[in-house]
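Engineer: Below you'll find the structure I mean.
The values are calculated or read from the model by the stated rules, or taken from the named source; none is laboratory data. Since this is a predicted model, take the numbers as computed values, not measurements. No Cβ is skipped: glycine too gets one built from the backbone with ideal geometry, and neighbour counts run over all protein chains shown. Note: areas computed on protein heavy atoms with side chains; ligands, DNA, RNA excluded. Shrake-Rupley method; radii C 1.70, N 1.55, O 1.52, S 1.80 Å.
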Amino acid sequence: MRPVPQSESLSERVERLELPFNEYGVDPYGISKKHLKLALEFFAFLYRNYFRVRCTGVQHIPKKGRGMLVGNHSGGVAVDGMMVLTSTMLEMDPPRLAQGMVERFIHKFPVASLWASRTGQFTGLPEHAVRLLEDDRLLMIFPEGARGTAKLYPDRYSLVDFGTGFIRLALQTRSPIIPFAFLGGGAAIPTVTNAYALGKLLGVPYVPLTPYLLPLPLPIGLEIHYGEPLVFEGTGDEEDHVIQGYVDQVKASIQRLIEDNRAERNLRRARRLLP
Amino acid sequence: MRVLIAGISGGIARRLALKLRDSGHEVAGIDIRPWRDAPKGIEVHPVDIRKRAAEDLFRRWKPEAVIHMATVTAFTVQGHERGRINLDGTKALFDHCAAHGVKQVLFVGRHTFYGAAPDSPLYHSEDEPPRALEAIPELADLVAADLYAATALWRMPDVTTAVLRLVYTLGTPGTGTLANLLRGKRVPMVLGYDPLFHVLQEEDVVTALQLALEKQVRGIFNVAGPAPVPLSVIIKGTGRTPVPLPSPLFSVLMGRAGFPRLSVGATDHLRYPIVVDNKRFLEATGFQATYDEGRILRAYADALPVDRAGNGG
């Protein structure tokens, strides 16, 4: 694992982002240096001290140019997205900003809408994804969608059905897919049930409930493992069965990353317990 | 080229008329509002586009190109009259163009056509439908006028028609929708939101319109300048103070306590951005804005400092 660079301040890392910020520190999408710095202060604390995130394989993420980080959802709330974003900001040299394709409901809420926009997290619309990739940005995609965050504790390492839009997008924009596995989110937020009626009342898909009711994450060690890039040839207009074949390859790659790293984690734990 | 400008007494239309005249075009205009001391070489006719006198002018003066800038917003004209000006006026203008051999029409529309919504794309392309119709009732007649103008692309194939959807203009006279919002010392925002706004300096608007005319562009085009900036940046950059108000309080305070009067639908636009992709216009005309966002805001702050603004708060 690469050491997390501690010598450089978080503010300096934001300054080193290769985004076209104007004199007000805002890029053409409204991403703001000021908001990024504040968000990163908070996320970096969680990343380093609370979740003690272990991250491998960042060398697979392109240092420049377009790319799609595609991984599994883990945890009832967006802890996975936050930590993936933090990993590309802290572990990469130069740092890069991963821009998430978020659920539509986020932008209906005050404050959440503002912070999501200012940190580059936009509604998951094809128009946004195409434009960002053509602008050589780094996209973060969870193809399981909201169903992925709804996984209960016993299913925390399983993968639900993937959407297929992300593959057509990758082909259309000739973007490499960097698969990643996110481990530990399901244990940090051990969902025992999802309250759909309460969610409807609040204007969200559902509210994950834990044994201690609120979906507040526990200080569990999290892991992010990036795999080797997958590049598919095509135009994006291929038949459904061709696209589904590519989706299955990405899904298998993520599943493999999950299983391999779970096994390794169990081994590490066993070694620690040995006298 | 003989160019007729409908709505010539507006701030930007006057500057456009002068620039076109200085570039060697013959310029005339119609407007029910006066343009006192109109300069030599620019004929101004105080007629209503919907009345017979306007058609007489088309018949007599035989314009080769017409620029339609005679539409109004809910800030300037209320009620049914606004609909009549925007819709009946636009229809009358295109009828006169068809009847009297006009070769080219520029319809100057607005980017608010696309409406503001939490789930719409950040950058709107010309191919998108108008969401302002459902969200902002005060814009319905402007949207309808825009759509009507666009039908000329297939109804009148012999006329080179361009529908230009312009972003907010900000300039020295301090007129226009955004300028009205920024007029006072304190500018309201909706608490928890800070949408991106697209602004273009008035001189650049004039350049863009002249280019569209001279390059004889055909089709629908978004016209924008520098990249959009958050509303809070615009407010602070023009020397004003942003006042975030909780949503329920917002509508109560509008038009009171020194805050500007806003239309009902405008509050959505203070939550969600309307920004546009102007790639098509840039490719068709080679337009390049000379004012970046910083220069636009500083120029406005210098031209209209808070202590000189109308209702300085």
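Engineer: Go through the stretch B:153-163 residue by residue and turn each phi into a ³J(HN,Hα) via Karplus (6.51, -1.76, 1.60, θ = phi - 60°); whole Hz please, and just put x for glycine and proline.
Structural biologist: Karplus values, whole Hz, x for Gly and Pro: 4, 10, 6, 10, x, 7, 9, 7, 9, 10, 9.
Engineer: So what's chain A giving for Cα Rg divided by 2.2 N^0.38 Å, two decimals?
Structural biologist: After normalising by residue count via 2.2 N^0.38 Å, the value is 0.98.
Engineer: Can you give me the P(r) profile for the stretch B:65-204? Cα pairs, bins 10 angstrom wide beginning at 0, each as a whole percent.
Structural biologist: Final binned percentages: 10, 37, 37, 13, 3, 0.
Engineer: In the stretch A:21-271, what percentage of the DSSP-assigned beta bridges are antiparallel, given to the nearest 5?
Structural biologist: The answer is about 40 percent antiparallel.
Engineer: Compute the normalised compactness of the stretch B:187-313: alpha-carbon radius of gyration over 2.2 N^0.38 Å, N being the residue count.
Structural biologist: Against the compact-globule rule of thumb, the ratio is 1.20.
Engineer: Express the carbon and sulfur contribution to the solvent-accessible surface of the stretch A:79-221 as a percent, rounded to the nearest whole number, probe 1.4 angstrom.
Structural biologist: Solvent-exposed carbon and sulfur of the stretch A:79-221 make up 65 percent of the total.
Engineer: Now for a different question. Checking an interface number: how much accessible area is buried between B and A, summed over both chains, with a 1.4 Å probe, in Å² rounded to 100?
Structural biologist: Buried: approximately 1800 Å² between A and B.
Engineer: Let me ask you something else. For a test of the definition: using alpha carbon positions, the gyration tensor, and the 1.5 limit on a/c, classify the stretch B:118-164 as rounded, prolate or oblate.
Structural biologist: Taking the square roots of the gyration eigenvalues as a ≥ b ≥ c, the stretch B:118-164 is oblate.
Engineer: Now, a different point. Per residue, how much accessible area does the protein assembly as shown show when a 1.4 Å probe rolls over the protein heavy atoms, in square angstrom?
Structural biologist: Using a 1.4 Å probe on heavy atoms only, each residue of the protein assembly as shown averages 42 Å².
Engineer: A further question on this structure: Considering Cα pairs under 8 angstrom that are at least six residues apart, work out the relative contact order of chain B and quote it in whole percent.
Structural biologist: Relative contact order of chain B: 19 percent.
Engineer: Counting pairwise Cα distances across the protein assembly as shown, what percent come out greater than 40 angstrom?
Structural biologist: 36
Engineer: With both bridge residues required to lie in the stretch A:95-242, what share of the DSSP beta bridges run antiparallel, to the nearest 5%?
Structural biologist: 65
Engineer: Also: What value in Å³ per residue do you get for the convex hull of the alpha-carbon atoms in the stretch A:135-226?
Structural biologist: 131
Engineer: Which whole-Hz ³J(HN,Hα) couplings does the stretch B:208-220 yield from phi under the Karplus relation 6.51 cos²θ - 1.76 cosθ + 1.60, θ = phi - 60°, glycine and proline marked x?
Structural biologist: Values, residue by residue: 4, 5, 4, 4, 4, 5, 6, 7, 6, 6, 10, x, 10 Hz.
Engineer: Also: If I model a spin label at A:Glu8 and A:Glu259 as a point 7 Å from the Cα along the Cα→Cβ vector, what separation in nanometres do I get?
Structural biologist: According to this spin-label approximation, the distance is 3.7 nm.
Engineer: I would also like to ask the following. Quick one: which of A:256-263, A:131-138 comes out on top by average Cβ neighbours within 10 Å, and what's the full order, highest first?
Structural biologist: Final packing ranking: A:131-138, A:256-263.
Engineer: Straight-line reach only, C-alpha to C-alpha below 15 angstrom: list the aspartates and glutamates that A:Lys108 could link to, leaving out same-chain residues fewer than 8 apart.
Structural biologist: List returned: B:Asp119, B:Asp194, B:Asp268.
Engineer: Can you give the net charge of the other residues whose Cβ lies under 12 Å from the Cβ of B:Met189, counting K and R as +1 and D and E as -1?
Structural biologist: That works out to +3.
Engineer: Right, another one. Say we join alpha carbon atoms closer than 10 Å with springs in a Gaussian network model of chain B; which of B:Arg183, B:Arg110, B:Arg261 then has the biggest fluctuation?
Structural biologist: B:Arg261
Engineer: In degrees, nearest 10, range 0 to 90: what is the angle between the Cα axis of helix B:11-22 and the longest Cα principal axis of chain B?
Structural biologist: Roughly 40 degrees, rounded to the nearest 10.
Engineer: Cα centroid distance between the stretch A:207-245 and the stretch B:273-296, in Å?
Structural biologist: Result: 37 Å between the Cα centres.
Engineer: Something else about it: Work out the P(r) tail for the stretch B:199-272: percent of alpha carbon pairs separated by more than 17 Å, whole number.
Structural biologist: Summing the P(r) of the stretch B:199-272 above 17 Å gives 62 percent of all pairs.
Engineer: Can you give the log10 of the normalised intensity I(q)/I(0) at q = 0.07, 0.10, 0.16 Å⁻¹, computed with Debye over equal Cα scatterers of chain B?
Structural biologist: -0.26, -0.54, -1.41
Engineer: To check you understand DSSP bridge types, tell me what percent of the beta bridges within the protein assembly as shown (both residues inside) are antiparallel, rounded to 5.
Structural biologist: Of those bridges, close to 20 percent are antiparallel.
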